1. If the requirement is being within 16 Å of residue 14 (Cα to Cα), at pLDDT 90 or above, of a type outside the set (Ser, Thr, Tyr) and assigned to a loop (DSSP other than H, G, I, E, B), which of these qualifies: 31, 27, 36?
2. Which one of 8, 13 is part of a helix (DSSP H, G or I) and closer than 20 Å to residue 77 by Cα?
3. Could you check segment 1-41 and list, in sequence order, the residues that are near the ligand (Cβ under 8 Å from one of its atoms) and without any contact (Cβ under 8 Å) to a residue 12 or more places away in the chain?
4. Condition first: within 9 Å of the ligand (Cβ to nearest atom), among the charged types (D, E, K, R) and closer than 24 Å to residue 78 by Cα. Can you find one or more residues in segment 42-50 that meet it?
5. Looking at the structure I just gave you, is residue 71 at pLDDT below 75 and either surrounded by 14 or more Cβ atoms within 10 Å (Cβ to Cβ) or aromatic (Phe, Trp, Tyr) (or both)?
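The values are calculated or read from the model by the stated rules, or taken from the named source; none is laboratory data. Note that this is a predicted model, so its numbers are computed, not measured. Using ideal geometry, Cβ is built from the backbone for each residue, glycine included, and neighbour counts are taken over all protein chains shown.
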Amino acid sequence: MSYKSNYGNISCGEVLLHLADFIEDDIDEDIKEKIIAHLKECTWCEQFGTAYQKTVIALKNQNINIEQADFVEKLKQRLSITG
Ligand SMILES: [Zn+2]
């Protein structure tokens, strides 16, 4: 791992894994608090999370057509958070 960041007792990788659930607010409280603590300290995750959240909200506020949904899948693959 090139990132050694482990702010809030959670790693950047774990933050990314839970990011979608975090944005949906469909997440355990203890993990949620760890992510919030992490985002306060980790500039990289904060910036990534904010950009990701904006994208998700923008897509939700539109009727997503197939091409856009495909774009989201490609974005997820590129970010390696398909699991
Ligand atoms: Zn991070």
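1. Numbers: 31 fails: assigned to a loop (DSSP other than H, G, I, E, B); 36 fails: assigned to a loop (DSSP other than H, G, I, E, B).
Exactly one residue qualifies, and that residue is 27.
2. Values: 8 fails: closer than 20 Å to residue 77 by Cα.
So the residue among 8, 13 that is part of a helix (DSSP H, G or I) and closer than 20 Å to residue 77 by Cα is 13.
3. 11
4. Start the filter on segment 42-50 by keeping residues that are within 9 Å of the ligand (Cβ to nearest atom), which leaves 42-46, 48-49.
Next, only the ones that are among the charged types (D, E, K, R) stay: 46.
Then drop every residue that is not closer than 24 Å to residue 78 by Cα, which leaves 46.
Yes, segment 42-50 contains a residue that is within 9 Å of the ligand (Cβ to nearest atom), among the charged types (D, E, K, R) and closer than 24 Å to residue 78 by Cα.
5. Values: at pLDDT below 75: yes; either surrounded by 14 or more Cβ atoms within 10 Å (Cβ to Cβ) or aromatic (Phe, Trp, Tyr) (or both): yes.
Here the answer is yes, as residue 71 does meet what is asked.
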